[in-house]
1. For the range A:159-181, which positions are touching a residue at least 60 places away in the same chain (Cβ under 8 Å), of a type in the set (A, V, I, L, M, F, W, C) and within 14 Å of ligand 3 (Cβ to nearest atom)?
2. Quick one: would you say B:GLY167 is within 18 Å of B:ASN72 (Cβ to Cβ) and within 14 Å of chain A (Cβ to nearest Cβ)?
3. Can you say whether B:GLY59 is among the small types (Gly, Ala, Ser), more than 14 Å from ligand 2 (Cβ to nearest atom) and either under 18 Å from the mean Cα position of the chain (by Cα) or under 16 Å from B:ASP186 (Cβ atoms) (or both), as far as the supplied structure shows?
4. Within the range B:214-327, which strands (runs of 3 or more DSSP E) (wholly inside it) include 1 or more residues that are crowded, with 18+ Cβ neighbours inside 10 Å, small (Gly, Ala, Ser) and at pLDDT 95 or above?
5. Quick one: which helices (runs of 4 or more DSSP H) lie wholly within the range A:414-512 and hold at least 2 residues that are touching an Asp or Glu at 6+ places or on another chain (Cβ under 9 Å), within 27 Å of A:SER323 (Cβ to Cβ) and within 16 Å of ligand 1 (Cβ to nearest atom)?
6. Checking A:LEU465 against (1) under 30 Å from A:GLN14 (Cβ atoms); (2) open to solvent by 10 Å² or more (accessible area, probe 1.4 Å); (3) of a type outside the set (D, E, K, R); (4) within 14 Å of another protein chain (Cβ to nearest Cβ), only one condition comes out false. Which one?
7. Kindly establish whether A:GLU401 is touching a Lys or Arg at 6+ places or on another chain (Cβ under 7 Å) and facing chain B (nearest Cβ under 9 Å).
8. For the range A:511-554, what are the residues that are more than 14 Å from chain B (Cβ to nearest Cβ) and surrounded by fewer than 24 Cβ atoms within 10 Å (Cβ to Cβ)?
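The values are calculated or read from the model by the stated rules, or taken from the named source; none is laboratory data. All figures in this text were calculated on a predicted structure; none of them were measured in a lab. Every residue, glycine as well, gets a Cβ built from its backbone with ideal geometry; the counts of neighbours run over all protein chains shown. Accessible surface is based on the protein model in full, side chains and every heavy atom, while ligands, DNA and RNA are left aside. Shrake-Rupley method; radii C 1.70, N 1.55, O 1.52, S 1.80 Å.
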Amino acid sequence: MRVRTEVRVEGTVQGVGFRPFVHGLATGLGLAGLVGNDAAGVFIEVEGDAGTVERFLRGLREPPPLAVIERISTRSLAPHGHGGFSIVGSEASGRRRTLVSADSATCADCLRELRDPADRRFGYPFVNCTNCGPRFTIVTDVPYDRPNTTMAGFAMCADCAAEYRDPADRRFHAQPVCCPACGPHVTLRDPDGRALPGEPMAAARALLRDGGVLALKGLGGYHLAATAADGSAVAALRSRKHREDKPFAVMTADVRSARSLGEVGPAEEALLTSVRRPIVLLRRLADAPLAAAVAPGNRSIGVMLPYTPLHHLLAGEPLVLTSGNVSDEPIAYRDEDAFAALREIADAFLTHDRPIHVRTDDSVTRVFRGREMPLRRSRGYVPGPVPLPAGGPPVLACGAELKNTFCLAKDGRAFVSHHIGDLENYETLRAYREGIEHFGRLFDITPSLIAHDLHPEYLSTKYALEQDLPLVGVQHHHAHIASCMADNERTEPVIGVAFDGTGYGTDGTLWGGEFLVADLTGFERAGHLRPVPLPGGTMAIREPWRMAAAHGVPADLDVARRNAARWDTVVAMGDRGVGSPLTSSMGRLFDAVAALLGVRDRVTYEGQAAIELEQRADPRVGDAYPVRLDDGSPFTVSGADLVAAVVADLRAGVDVPSIAARFHNAVAGLVVAGALRVRETTGLTTVALSGGVFQNLLLLERAVAGLEAGGFGVLVHHRVPPGDGGISLGQAAVAAARPHG
Amino acid sequence: LSHGAGGKATQTLIQAVFLDAFRNPLLEPLDDGARLSIDGASLAFTTDSYVVSPLFFPGGDIGDLAVNGTVNDLAVSGAEPLHLSAGFILEEGFPVADLKRIVASMRVAAEVAGVQIVTGDTKVVQRGKADGCYINTAGVGAIRRPLGGEVRPGDAILVSGPIGEHGVTVMLARGELDIESDVTSDTAPLNGLVATLMDACGEGVRRMRDATRGGVATILNEVAADAGVAVVVEEDAFPVRPDVRGACELLGIDPLYVACEGRMVAIVSGDVADEALAALRSHPLGAGAALVGRIKDDPPGLVLLKTAFGGTRIVDLLVGDPLPRIC
Ligand SMILES: [Fe+3]
Ligand SMILES: [Mg+2]
Ligand SMILES: [Zn+2]
Ligand SMILES: [Zn+2]
């Protein structure tokens, strides 16, 4: 029987070679009809024998690599009887429901062309096709068509136009398609912007080889590069960037070369070679050929593989590749800003004339128990949606203050933004405001509800209050737990363990060592660390030694001696509550122990003391300090008791790696003991672990092992970071789940 | 109520309660003083209440604070301060010797400022119903010359001297912390300094504010919001005494938010910036004056601080007590 069927496909189906795929599939089966893009996705009409149409529909389930199908719906039409299958033009009208895809690493076909001297794109740093290349970073509007990208200014040459129009070609309707004759070009410039002589790529490679610092324009912004084995080059990069200690990531040419730096298991290899191309944290090899200044005092090393043709052409010896910024500034992405900001840092600029529309940092991820656990979710991942329970109104979730992301959610899909950064920075705040509008346009979401943190001073909170929409305030640690639940697509109540630096509590104090009984609609505080003063507020976070003082470390210990000039005053500030808000933070307890053990008195980046304490711990040590939960409701645990146990070991001459390990084991033990206590009263058996402290792998591994041994099911993060980058997803999940009217 | 810090919470309280109840064209601008026209005479009228703990501190006491504060509110509105009232609320049992000391320093402050205290009132409340001594002063001044209109892009931003000294002095004087310090309060009458500046720059002076509660940061936010302009200042340009800086670092507070009682922020036309700075520096109370930034058009309503590393930080109006925002 001859039938004609209309098929609608929704999801990430534009700019990913979907129409040529449909064309090939239909003509291969001898079906007649048409395919086209509209604002909602792809529409298809196929006509032919009923069984063949059935086969066509099955074939749709295996789309090209970058396509993500979320929904296929069909409807019967009256057959026309015409033959032939055509691709029809895009329609700009209607609602925009199609999804812009993430930027994608250069595919194998394009890479072959890049390296083939006979190909017309040989050595061309912008080769791409429907299966790879820039997307999110160049899209200015929807529908995803060339005029709505930063390629708009480049008119295709006849050869490219022919490929673009040929349904059988890999570049059919590849919006960024271009070649040396018609596309963007790289130039190598001196810090004053003057073009340098010679072939740019070769000259850039030579500059790196000779120990220079190169600024290069990547997909989402400018990066700074230096040869990773070159101690003086890396040291120069550090000092010019005012980045004292924070580890640098390294780009290697291929997996084989990555294996010379760190341990690459199957899961790490899959992440390294994925089209997302994140920075993957690897356990560093002792003999890795890296300058000491690349990642001082760190057992892991962040490695990524080239993700654009430009990076492929540059790759050789491992290169430090770090964001093009000064200190804590956001990464530069406009040419004039980059030259202004980086002129004292870079010896030369490898730049090009394709604008970047959205600043997007490299993503950072790692493997925990064989599965991905992201630390920064940005380029390559964004704007891929995270599923949420359907229903609920369209929501804007404003996120936290540091490592901010925002999230727009509608119809069961949460679009978590790229890493925005620290909002008190004006450039970042501007990117935040513009990003929210851009996402709203791209995904056709007009929020009717705004979710925000409770901290009155967060600029994201202030942004929320400025909007003229109903608000849902979501407590910071509830948002962490809800984020972990949404990440795992769970909705039933859990025992939430949220350990982080600080977040605003419902009682106006700063929380951060929290046991919650939570679901998406609400939470109860079941237990927490006993509050201690934070002497000097933010200064106590910058100077971990103050947290040692706040936890009652005796004045005859080294940490007190090293800080003798201010020790007594800081103790008095805490005792008398002068400039000392109270906190139940777990991160600050780690700080206290790190300072006490002489690991670090002052930090230059967030979480540094805890990270270095983890690096110092001896993983072979299995014993732990005892932890005691009191009988209160909520129960409390004394961090000062743990500190006292550390002091006793220190006085007894126990080595630092053993003490650090015992402390980690004690905190893991606390997680288990707290969960058991909550299980007694609630019967809940699932534990969600979230908050920045759970980026500590030693702690996480031991906590999960202990919980599983205790019969708990454990949820950890796989899609968004456990840190504040995941907060917006949690806020969105809570807001979407709240009863509303 | 937790509306003391002088930031956004206080503003909200004022708008929600007082403006609603008393609304009239003279109150509407919510300036520190009202400008009145009575039988052809232009007058400025202002009032302020003083609560400070401790009552006596290095460099001053609640008495000269109460005189100088009202003198300064009049002076920075462009008026010449003339007559003050003084109202006292005393806790039962408050030592007469202390009261005499306070009143004596008020007399001296009035003499220095060239104003007269012409009327007053005293109430005594039960023990525990007040903390020693509160003072309210009100003042009238004559407006003899106009200021130079709206703040606009290109204008220069000056501070008349090192910031944060009064607030740090009072915090340390509470004696909760055993900190040795030579810092003294900057309490002083600004009318002489204002006159010097206006003599030199005339209508090049757009706007002046004394940086009291909430510090310079709060004043700058008000300027940005009122004029719909961007205030762009340089972190390194602000004069801060090293011991004030040290105490602020220890206490974890930003000197930009710390109260002054004898410092002002002046916004002047860009083309008289040099003359304005020279004029301020020619006066003993302005010896440490500095040009700290400029008015820009974008982003309107925000105060941006250029940091030493070339970054740009937002200096926001605080909602309440500053709490760390770091996770
Ligand atoms: Fe957090
Ligand atoms: Mg006043
Ligand atoms: Zn390709
Ligand atoms: Zn071409």
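1. Of everything in the range A:159-181, those that are touching a residue at least 60 places away in the same chain (Cβ under 8 Å), of a type in the set (A, V, I, L, M, F, W, C) and within 14 Å of ligand 3 (Cβ to nearest atom) turn out to be A:PHE172, A:ALA174.
2. When the stated conditions are applied, B:GLY167 passes them.
3. Considered against the rule, which asks whether it is among the small types (Gly, Ala, Ser), more than 14 Å from ligand 2 (Cβ to nearest atom) and either under 18 Å from the mean Cα position of the chain (by Cα) or under 16 Å from B:ASP186 (Cβ atoms) (or both), B:GLY59 comes out as yes.
4. Numbers: elements: B:230-234, B:264-268, B:290-296, B:303-306, B:312-314.
Fully inside the range B:214-327 and qualifying: B:230-234, B:264-268, B:290-296.
5. The qualifying helices (runs of 4 or more DSSP H) are A:459-466, A:476-487.
6. (1)
7. Details: touching a Lys or Arg at 6+ places or on another chain (Cβ under 7 Å): yes; facing chain B (nearest Cβ under 9 Å): yes.
Yes.
8. A:VAL517, A:ASP519, A:THR521, A:GLY522, A:GLU524, A:ARG525, A:ALA526, A:ARG530, A:GLY552, A:PRO554
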